[in-house]
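I have a structure here, written as structure tokens, and I will follow up with some questions on it.
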Amino acid sequence: LKIAVLISGGGSNLKALIDATADPDFPAEIACVGSDTDAPGLEHARAAGIPAFVVRPRDSDSREAWGEVLAAAIQEHHVGTGPHPGLVVSAGLMRILPPGFVRAFSPRLINTHPALLPAFPGAHAVRDALAAGAERTGVTVHVIDEGVDTGPVLRQAAVDVRPGETEAELHERIKQLERPLLVQTVREIALGELALPGAR
Ligand code: GRF
């Protein structure tokens, strides 16, 4: 299974996928890594010899056009083209993928979100959970649909919130569950053990 990973930040989830796919027995390979910015995490791809590209929204005159350029860059690496069903993994991409992009890849298009959806959607999930006084939160891997953090949930894992912990501390504890959960979810999809709702 050929995978494209999309990031915007440090890419620790990407790194976990790179480490997992380094095992020749892992049933998937990362064909490319894309970002909307010069994300520090792109360095993980470069160090692993994985093609990495930046597609800047400001270089396109609309969100939809940006999505088309991003989709083309992914398809250039044979993800989701020809006989390959492919899989696009959004792991810390801090941008909404436009409807045309979603239609091109969904349901073989998943996202990881640092909350127990449907609770705390959006770009500040960890901060929002703390602000709401949540005693328990976690991480969700879901199919991306045309909404924001609204697609079918695939896997979730929960953590208890510790009194007084900071957003950064809680987010890192969430990531400790998130990284293996994402790797396992990708493995199960690659092996056909986890069906993607609506997969053709
Ligand atoms: C992850 O927790 C992801 O759920 C959220 O952004 C974070 C990215 O972390 N959307 P990293 O860049 O993989 O370390």
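Figure the gain on full extension for A123 and R46 (residue separation times 0.36 nm, minus the Cα-Cα span) and round it to one decimal in nm.
25.1 nm
Order these peptides, 73-86, 153-166, by their mean beta-carbon neighbour count within 10 angstrom, highest first.
Packing proxy ranking, top to bottom: 73-86, 153-166.
Going 7 Å from the Cα of A168 in the Cα-to-Cβ direction, what parts of segment 21-38 have a backbone nitrogen less than 18 Å from that spot?
Of the residues in segment 21-38, none has backbone N under 18 Å from the label point off A168.
Express the Stokes-Einstein translational diffusion coefficient of segment 75-156 in µm² s⁻¹, to the nearest whole number, given a Kirkwood radius over alpha-carbon pairs, 20 °C and a viscosity of 1.002 mPa s.
159
Would you mind telling me the share, in percent, of accessible area of the chain contributed by carbon and sulfur at probe 1.4 angstrom?
Using a 1.4 Å probe with all protein chains present, the chain comes out at 51 percent carbon and sulfur.
Right, something else. Can you tell me the accessible area per residue over segment 119-170, all protein chains present, probe 1.4 angstrom, in square angstrom?
Accessible area per residue, segment 119-170: 53 Å².
Give, as ranges by residue number, the residues of segment 85-119 whose backbone N falls under 11 Å from the point 7 Å along Cα→Cβ of E135.
None, by backbone N distance to the label point.
Continuing with the same structure: Express in nm, to one decimal, how much length is gained between Q156 and Q184 on full extension, taking 0.36 nm for each residue of separation and deducting their alpha carbon distance.
Additional length available on full extension: 8.9 nm.
Just the Cα atoms of the chain: what Rg and Dmax do they give in Å?
Cα only, the chain: 16.1, 51 Å (Rg, Dmax).
For D59 and L191, compute 0.36 nm times the residue count separating them, minus their Cα-Cα distance, and round to one decimal in nm.
Once the chain is fully extended between D59 and L191, it gains 43.8 nm.
The values are calculated or read from the model by the stated rules, or taken from the named source; none is laboratory data. Remember, predicted model here, so these are calculated numbers, not experimental data. Virtual Cβ from ideal backbone geometry, glycine too; neighbours counted across all protein chains shown. These area figures cover heavy atoms from the full protein model, side chains too; ligands, DNA and RNA do not enter into them. Shrake-Rupley method; radii C 1.70, N 1.55, O 1.52, S 1.80 Å.
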